[in-house]
Amino acid sequence: IAQGRDGEAEPLHKRALAIYEKALGPDHPNVATSLENYADLLRQTQRTAEAAKMEARAEAIRAKHARENPTK
């Protein structure tokens, strides 16, 4: 986005997310990271409602992971 190439970035974010979901499953922490990165792009392009949905999903994944893998 800083380079004015946000139109090129979105398809890459979508592709990365799809790859992570397929390879790791929809609730993997790397999927959450991908969602957060995609949400950041969406926020920067004024698509805050879409970004909020992705951030909420990422948060849910992280919460689930934390419950299933508590630290000692």
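The values are calculated or read from the model by the stated rules, or taken from the named source; none is laboratory data. Nothing here was measured: the structure is a model prediction, and the numbers come from that model. Counting neighbours? That spans all protein chains shown, and the Cβs are built from the backbone with ideal geometry, glycine included. Quick note on the areas: whole protein, heavy atoms, side chains included, nothing else; ligands and nucleic acids left out. Shrake-Rupley method; radii C 1.70, N 1.55, O 1.52, S 1.80 Å.
Some points to look at:
- Answer residue from the stretch 29-52, given it is over 10 Å from the mean Cα position of the chain (by Cα) and open to solvent by 60 Å² or more (accessible area, probe 1.4 Å) and is nearest to Arg5 (Cα to Cα) among those: Gln44
Residues checked against (1) basic (Lys, Arg); (2) at pLDDT below 95; (3) out of contact with any strand residue (DSSP E or B) (no Cβ under 8 Å at 6 or more places or on another chain):
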site	(1), (2), (3)
Ile1	no, yes, yes
Arg5	yes, yes, yes
Glu8	no, yes, yes
Tyr20	no, no, yes
Gly25	no, no, yes
Leu35	no, no, yes
Ala39	no, no, yes
Thr45	no, yes, yes
Glu50	no, no, yes
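- Hey, His65 touching a Pro at 6+ places or on another chain (Cβ under 6 Å) and either assigned to a helix (DSSP H, G or I) or of a type in the set (S, T, N, Q) (or both) or not: yes
- Among the residues making up the stretch 18-28, those that are open to solvent by less than 70 Å² (accessible area, probe 1.4 Å) and not in a helix (DSSP H, G or I) are Gly25, His28.
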